[in-house]
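The values are calculated or read from the model by the stated rules, or taken from the named source; none is laboratory data. Remember, it's a predicted structure, so these values are computed and weren't measured experimentally. Glycine also receives a Cβ, built like all others from the backbone with ideal geometry; neighbour counts cover every protein chain displayed.
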Amino acid sequence: MELTELVNPQHTVVITMEVQRGVVGDLSSFPDLQSAAENSGVLSNGPSICAAARGLSVRVLHAVATNRADNAGSIANCRMLAASQKMNQAGTGLVEHTEGAELIPSFGPETEDIVVPRLHGLTPFTSTSLDQIIRNLNAQTIVALGVSLNIGVLGLALSAVDLGYQVVIPTDAVAGVPLEYGHEVLNNSMSLLATLTTTEELLSAWKTYN
């Protein structure tokens, strides 16, 4: 399927993955990931994609990680989640209703956006309403951007494909750590799951619908 057809605004949504101040923004607790997001183009290209999507009435969904201050509803059953709980206890994590849990302002949320939080886990579909929201929007294609290619974006793509969606990844709007490893994930894993494109190519495809 040609990219222009694949990202037809009538059946496409954009999902941002953890573009939060405490993840890759000004309050980041992950300096290497923040640097990768900046150098790969996530922080510059991501907002451009979101803005173009809204201009075509393509819904923008924000998958965000949050925790309660007491960590209720979460469990530290892997090193990543254990580290997250330690950061919460130190006051530098993604505790709900705190600045670290907020989206980076350039991404939104705008009034029409939908924020889909999760209290536990590493990927956005498991035990959230994300799948049902997308189906209720009559979408078939997901444009995914954000972090990280190590876990979150990879998990998003795997789940989305399992659920029957087409996935499009702008390679200059996602990042992994180290940056070179992210490129390897794109080339060796994401290329088998998703249609890889660039921000420029995506925006050019959308211009045909203006």
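Taking the criterion of being of a type outside the set (G, A, S), in a helix (DSSP H, G or I), surrounded by 21 or more Cβ atoms within 10 Å (Cβ to Cβ) and in contact with a helix residue (DSSP H, G or I) (Cβ under 9 Å, 6 or more places away or on another chain), the residues of segment 10-42 that qualify are Q34, V42.
One residue alone among I142, I114 is buried (at least 19 other Cβ atoms within 10 Å of the Cβ) and in contact with a strand residue (DSSP E or B) (Cβ under 6 Å, 6 or more places away or on another chain), and that residue is I142.
Test V7 against the stated conditions and say whether it is touching a Leu at 6+ places or on another chain (Cβ under 7 Å), farther than 30 Å from M80 by Cα and surrounded by 18 or more Cβ atoms within 10 Å (Cβ to Cβ). Judged against the criteria, V7 is a match.
So for segment 135-153 (the condition being under 12 Å from the mean Cα position of the chain (by Cα) and farther than 17 Å from G46 by Cβ), does at least one residue qualify? Yes, segment 135-153 contains at least one residue that is under 12 Å from the mean Cα position of the chain (by Cα) and farther than 17 Å from G46 by Cβ. Of all residues in segment 83-134, those satisfying the criterion of being within 18 Å of the chain's Cα centre (by Cα) and more than 17 Å from M17 (Cα to Cα) are E112, Q132.
Considering only segment 55-72, state which residues are out of contact with any Gly (no Cβ under 7 Å at 6 or more places or on another chain), closer than 18 Å to L130 by Cα and either polar (S, T, N, Q) or surrounded by fewer than 18 Cβ atoms within 10 Å (Cβ to Cβ) (or both). Hit for segment 55-72 is T66, nothing else. Among the residues making up segment 184-210, those that are surrounded by fewer than 16 Cβ atoms within 10 Å (Cβ to Cβ), modelled with pLDDT of 95 or more and among the polar types (S, T, N, Q) are N187, N188, S189, S191, T198, S204, T208. Can you say whether G152 is in contact with a helix residue (DSSP H, G or I) (Cβ under 8 Å, 6 or more places away or on another chain), touching a residue at least 60 places away in the same chain (Cβ under 8 Å), within 15 Å of Q20 (Cα to Cα) and not hydroxyl-bearing (S, T, Y), as far as the supplied structure shows? So G152 fails the test. In the condition set (1) touching a residue at least 24 places away in the same chain (Cβ under 8 Å); (2) closer than 17 Å to P47 by Cβ, T111 is compliant with all but (1). Does G46 meet the test of being under 22 Å from A160 (Cβ atoms), small (G, A, S) and touching a helix residue (DSSP H, G or I) at 6+ places or on another chain (Cβ under 7 Å)? Yes: the conditions hold for G46.
A residue that is assigned to a helix (DSSP H, G or I), of a type in the set (G, A, S) and farther than 21 Å from H183 by Cα can be found somewhere in segment 53-65.
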